[in-house]
1. When only DSSP loop residues count, what GluC sites (Glu not before Pro) in the range 91-159 have their Cβ near at most 16 other Cβ atoms within 10 Å?
2. Once fully extended, how much extra length lies between Leu30 and Phe211, figured as 0.36 nm per residue of separation less the alpha-carbon to alpha-carbon distance?
3. Explain nothing, just compute: Karplus ³J(HN,Hα) = 6.51 cos²θ - 1.76 cosθ + 1.60, θ = phi - 60°, for every residue of the range 116-123 in order, whole Hz, x for Gly and Pro.
4. Want the number for Gln18 to Leu313: 0.36 nm per residue separation, take away the alpha-carbon distance, what's left?
5. Would you mind getting the accessible area per residue of the chain, heavy atoms of the protein chains only, 1.4 Å probe, in Å²?
6. Roughly how many Å is it from the Cα centre of the range 37-51 to that of the range 345-372, as a whole number?
7. Pop out the ³J(HN,Hα) list for the range 203-215 in order, Karplus 6.51 cos²θ - 1.76 cosθ + 1.60 with θ = phi - 60°, rounded to Hz; leave Gly and Pro as x.
8. What spacing in nm lies between the two simple spin-label points modelled at Trp253 and Asn202, each 7 Å away from Cα in the Cβ direction?
Amino acid sequence: MAVGYLAYTEQLPIPLSQDYDLHTLLANPLMDIWFAWDSTWYQMLVEQGYQTAAEVPQGPVPVQANWAFFPLYPWLSAMLSSATGWPSEVSLLLVANVAFVFALYLVYCEVQELHNERTGQLAAFLLLAWPGTHFFSSAYTESLFLLIVVGVFRLARQERFLWAALVAALGALTRSPGIMLVFPIAFYAWSTWAGKNKSRQNIRTGFIFVFSGAGARTFLICCIPLAALSCFMAYLYTLTGDPLAFATVQEAWGRGARNPILEFIRPFVALSTIPAEQWMDFMTMWLIPIPLLLLLRERSWPHFSFAFILVLLAITAGVVSLNRQTLVIFPIIVVLSKWLASNPKASRILVPAVACAGLLMMAFWSAGYGVV
């Protein structure tokens, strides 16, 4: 908060961005630093709801519309604002920060149970210090989505698959990757079935599981998040005539189907096309294979499948905001904290370096730069 305040009030040697009109919605720098960029779209959803196709200019060039943003976070904020009379900005920030407190505690508990006390502490600290951690306190969906993701993994590991699917349905209404939470549920169900049948998890037993009674029940349970997403798509169809409006409108933000291999090497072949604020995303992309390989080596299929799919989707969409999107991939938090716990010397070097990078990113965020 101190770094953000100093950057916002021009007391750091970082000039305010000329491309961004800094928000003064709450007339308090300590509050306004958390309300930037996409936060205004959520504010629009709280106060006005979703736009109709008639309200968005039509033409050959895609125009940004609030269809790209999923409804659960603004709905919760709108209910809080309606119940208390608080401004929408305050409700958005309160929902995000309360969700982060619960997510932080749940991450600590889950990682501690998976490994040990030290690893749980490191997992919590990484969330508090990692570059981009300011999104957890901002009017964004990161906190709420992280809470849902950890909740799904915890419930599925405890073999409470129906509850896991119900929570995953909330994830599908929070962000588009939320539908991918069906994969850890399915893998944990398969693992449970294999344990009861004293079988190893391989391709052969995978086919047997799929066509077993347990596989059929798992499929029906995994349809719950699909049903939630289908309801949102049906609602968008009534507004826009396009049930996939949340995906097609992404082109207006420069996102769309990309070749992930070409994205990986784009800075080496087209350096001039990379905006300065995207370098953190590219650095994340080049480093992300390390935790993915660690997950693969551990053969933790629920963790690896979810992490791999979300990373691949993010890169395929065009790398934009990749650093922010990886913050909520719980399996990456688990495997990194485990590695740091077993390498204390590396931890003493990496953790302070990570925290400094987080402070630097906070400064540029508060000064209005598009490190989103």
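1. Glu159
2. This chain segment gains 59.6 nm when fully extended.
3. 7, 4, 4, 5, x, 5, 5, 4
4. Stretched out fully, the Gln18 to Leu313 stretch lengthens by 103.0 nm.
5. Value for the chain: 47 Å² per residue.
6. 28
7. Listing the rounded values in order: 4, 5, 5, x, 5, 4, 4, 4, 9, 8, x, 5, x Hz.
8. With each label placed 7 Å out from Cα toward Cβ, I get 4.3 nm.
The values are calculated or read from the model by the stated rules, or taken from the named source; none is laboratory data. Here the structure is a predicted model, which means the values were calculated and not measured. Every residue, glycine as well, gets a Cβ built from its backbone with ideal geometry; the counts of neighbours run over all protein chains shown. All accessible areas refer to the heavy atoms of the entire protein, side chains included, with ligands and DNA or RNA removed. Shrake-Rupley method; radii C 1.70, N 1.55, O 1.52, S 1.80 Å.
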